[in-house]
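**Student:** Next up is a structure, given as structure tokens.
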Amino acid sequence: MKSAASQSVPTCSAKPPRRRLRWMLIVGGSLVCCALAYVHFFLYLPMGSGPAGPSVEATAFAQPWTERQVLLVGIGDSVTAGFGATKGRSYFDRLVVNPADEFSELKGICLSRVLPNMNSLNLAVSGSNSLQHLSHIHDRLPPQDENVFGLVVMTTGGNDLIHWYGKTSPREGAMYGATLAQAQPWIANYEQRLNAMFTAIEECFPGGCAIFVGDIYDPSDGVGDPQSTWALPAWADCLKIVTAYNEALRHVAAKHASVHVVPVHDTFLGHGIHCRQFWRAHYAWRDPHYWYFENIEDPNDRGYDALRRVFLGQIVEQRQVLQR
């Protein structure tokens with residue numbers, strides 16, 4: 001018989017069993033893949049390159065629309081002021097004249113090409129809200145002669161909603177965090193201000209005018225979760241209030257033959273903070289890129305290109321009013 005000392009004694013291996021190692025690799029690899037997927041779909045916001053937004057009817061710019069004196073006026077907030085755009089690439093600047101490195105399909109597609117007697121005046125102020133815009137019109141837009149036609153582009157109301165990002169209690173002109181019920185009187189006042197603004201502009205142009213006002217876009221791409229940016233507090237009723245503001249805008253615009261609503265909201269869906277999430281209802285398959293500036297409230301250069309295009313599209317549709 002062998003002695004007890006000579007019998008083999010099982011020992012623990014210094015290396016984990018293959019099965020355990022395999023599971024460790026699978027779990028570790030899965031975690032890495034999940035982390036990469038989270039970064040790609042939730043944190044990565046590529047801006048893309050090249051043209052952005054709808055095409056523009058190039059044939060409409062083949063010859064002048066009118067020899068009349070035209071004053072192009074910008075009114076409103078930072079979107080019309082061009083905050084976040086590199087020099088010469090705001091939507092207002094691009095409406096007037098093409099930048100030197102214009103995309104080939106839009107060379108010569110600008111208002112100065114078809115309105116040879118046009119002057120421009122941009123009254124928009126970054127950070128301003130609709131309560132201030134009415135006074136800007138009264139104080140800074142001079143009445144024009146009857147031989148001058150007014151071509152007005154506007155963005156107003158967006159800052160009413162986002163100021164001051166929930167850092168203060170909601171109030172009119174800075175209603176971030178408000179409930180829809182709380183915002184109802186402010187929405188009604190916004191509607192009245194819009195009517196007063198449109199009327200004041202029309203009175204400044206006895207020779208006639210066309211007013212193109214952009215509706216308010218939604219950087220959450222229809223999801224309504226500003227908290228997912230990691231920088232903003234949650235706001236349960238944000239989409240309801242954006243919708244109500246846009247409905248008020250359309251309701252007032254319908255009362256003024258000179259006013260035309262530019263579909264900025266729908267144009268920008270799919271290009272906000274969820275632009276990479278292909279399972280979302282508004283995912284933009286052809287251009288799944290971020291059109292906003294780093295502050296999430298103004299466009300970047302590609303966003304301003306898209307704005308220029310959608311404004312131009314509406315102006316082209318109404319260009320016959322300049323020929324009367």
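The values are calculated or read from the model by the stated rules, or taken from the named source; none is laboratory data. This one's a predicted model, so the numbers in the text were calculated from it and none came from an experiment. For neighbour counting, all protein chains shown are included, and Cβ atoms are generated from backbone atoms with ideal geometry for every residue, glycine included. Heavy atoms of the whole protein, side chains included, go into the accessibility calculation; ligands, DNA and RNA do not. Shrake-Rupley method; radii C 1.70, N 1.55, O 1.52, S 1.80 Å.
**Student:** When you go through Thr243, Thr267 one by one, which is the residue that is under 24 Å from Gln184 (Cα atoms), among the polar types (S, T, N, Q), open to solvent by 10 Å² or more (accessible area, probe 1.4 Å) and within 18 Å of the chain's Cα centre (by Cα)? It would help to see each step written out before you state the result.
**Tutor:** Values: Thr267 fails: under 24 Å from Gln184 (Cα atoms).
Testing whether each residue is under 24 Å from Gln184 (Cα atoms), among the polar types (S, T, N, Q), open to solvent by 10 Å² or more (accessible area, probe 1.4 Å) and within 18 Å of the chain's Cα centre (by Cα) leaves just Thr243.
**Student:** Take Ser126 and tell me if it is more than 14 Å from Arg309 (Cα to Cα), touching a helix residue (DSSP H, G or I) at 6+ places or on another chain (Cβ under 6 Å), in a strand (DSSP E or B) and of a type in the set (S, T, N, Q). Talk me through it step by step, then tell me what you get.
**Tutor:** Values: more than 14 Å from Arg309 (Cα to Cα): yes; touching a helix residue (DSSP H, G or I) at 6+ places or on another chain (Cβ under 6 Å): yes; in a strand (DSSP E or B): no; of a type in the set (S, T, N, Q): yes.
So Ser126 does not fit the description; no.
**Student:** Right, another one. Out of the stretch 224-246, which residues are at pLDDT below 95 and among the β-branched types (Val, Ile, Thr)?
**Tutor:** If the condition is that a residue be at pLDDT below 95 and among the β-branched types (Val, Ile, Thr), then Thr229 is the only one that fits.
**Student:** Next up: Of all residues in the stretch 232-247, how many are free of Cβ contacts under 8 Å to residues at least 60 places away in the same chain and not acidic (Asp, Glu)?
**Tutor:** Result for the stretch 232-247: 5.
**Student:** Return the residues of the stretch 283-299 that are open to solvent by less than 40 Å² (accessible area, probe 1.4 Å) and of a type in the set (Phe, Trp, Tyr); say none if nothing qualifies.
**Tutor:** Tyr290, Trp291, Tyr292
**Student:** Follow-up. Could you list, in sequence order, all residues of the stretch 135-160 that are crowded, with 17+ Cβ neighbours inside 10 Å and either part of a loop (DSSP other than H, G, I, E, B) or out of contact with any strand residue (DSSP E or B) (no Cβ under 9 Å at 6 or more places or on another chain) (or both)?
**Tutor:** Here is the first cut: in the stretch 135-160, the ones crowded, with 17+ Cβ neighbours inside 10 Å are 136-137, 141, 144, 148-160.
Within the stretch 135-160, Leu141, Gln144, Thr156, Gly157 meet the criteria.
**Student:** Taking Ser128 as the residue in question, decide whether it is within 19 Å of the chain's Cα centre (by Cα), at negative phi and among the polar types (S, T, N, Q).
**Tutor:** Against the criterion (within 19 Å of the chain's Cα centre (by Cα), at negative phi and among the polar types (S, T, N, Q)), Ser128 qualifies.
**Student:** Go through the stretch 71-87 and count every residue that is touching a helix residue (DSSP H, G or I) at 6+ places or on another chain (Cβ under 7 Å) and either farther than 20 Å from Gly214 by Cβ or in a loop (DSSP other than H, G, I, E, B) (or both).
**Tutor:** Result for the stretch 71-87: 4.
**Student:** Then there is this: Please specify each residue of the stretch 18-49 satisfying the condition of being open to solvent by 80 Å² or more (accessible area, probe 1.4 Å), modelled with pLDDT under 75 and among the hydroxyl-bearing types (Ser, Thr, Tyr).
**Tutor:** Matches in the stretch 18-49: Tyr38 only.
**Student:** Residue by residue through the stretch 185-225, note down the ones that are over 26 Å from Arg308 (Cα atoms), in contact (Cβ under 8 Å) with a residue 60 or more places away in the chain and not hydrophobic (A, V, I, L, M, F, W, C).
**Tutor:** Selection gives Glu203, Pro206.
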